[in-house]
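First up is the structure itself, then whatever we jot down about it.
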Amino acid sequence: MSTPPPPPPPPPSGPGGYAPVAPMSPQDQRLWSTLTHVGGILFGFLVPLITYLVLKDRGQFVAEHTKTALNFQLTMLIGTIVGVFLSVILIGVLVLLAIWVVIIVFSIIAAVKANAGELYQYPLTIRFIK
């Protein structure tokens with residue numbers, strides 16, 4: 001005679017039947033914060049948006065950096081849209097070039113600060129998410 005299979009594990013006890021998410025280690029928070037800022041250079045607001053939505057509950061440090069990066073990228077998106085409209089009168093080309101340089105420079109500074117474990121606030125940023 002064979003033994004019966006073991007009983008199934010108990011269901012997770014979090015809200016909605018899901019297990020609560022474990023907080024990230026400080027090293028992982030620094031890594032994801034750094035990657036969020038660098039990803040903003042390459043993919044605009046998409047990387048900060050995705051990392052904010054996925055990781056905001058995993059630690060205060062990563063939540064602050066992803067929120068800051070998302071606010072900055074959304075502000076730069078508005079500036080880019082204005083630059084596109086202004087390119088009709090040629091000043092927009094200079095605006096777009098300036099925005100491109102600002103994104104690269106400030107995102108690199110923010111990534112270095114995040115990697116060092118420091119908080120960083122971008123200048124020239126509208127705080128959409130507080």
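The values are calculated or read from the model by the stated rules, or taken from the named source; none is laboratory data. Computed from a predicted model, the values in this text were never measured in an experiment. With ideal geometry, Cβ positions are generated from the backbone for all residues, glycine too; neighbour counts draw on all protein chains shown. We work out accessible area using only protein heavy atoms, side chains counted, and drop any ligands, DNA or RNA first. Shrake-Rupley method; radii C 1.70, N 1.55, O 1.52, S 1.80 Å.
Some values worked out for this structure:
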item	result
Among (1) open to solvent by less than 50 Å² (accessible area, probe 1.4 Å); (2) in contact (Cβ under 8 Å) with a residue 24 or more places away in the chain, the one test that residue 124 misses	(1)
Residue in the range 36-65 that is farthest from residue 104 (Cα to Cα), counting only those that are buried (at least 17 other Cβ atoms within 10 Å of the Cβ) and aliphatic (A, V, I, L, M)	55
The range 86-122, residues that are part of a loop (DSSP other than H, G, I, E, B) and within 22 Å of residue 31 (Cα to Cα)	116, 117, 118, 119, 120, 121, 122
Residue match in the range 66-85 (condition: in a helix (DSSP H, G or I), touching a Lys or Arg at 6+ places or on another chain (Cβ under 8 Å), surrounded by 19 or more Cβ atoms within 10 Å (Cβ to Cβ) and among the hydrophobic types (A, V, I, L, M, F, W, C))	no
Any hit, the range 89-105, residues being surrounded by 13 or more Cβ atoms within 10 Å (Cβ to Cβ), more than 14 Å from the chain's Cα centre (by Cα), farther than 30 Å from residue 20 by Cα and aromatic (Phe, Trp, Tyr)	yes
Matching residues, the range 51-65, being in a helix (DSSP H, G or I) and either over 22 Å from residue 102 (Cα atoms) or touching a residue at least 24 places away in the same chain (Cβ under 8 Å) (or both)	52, 53, 54, 55, 60, 61, 62, 63, 64, 65
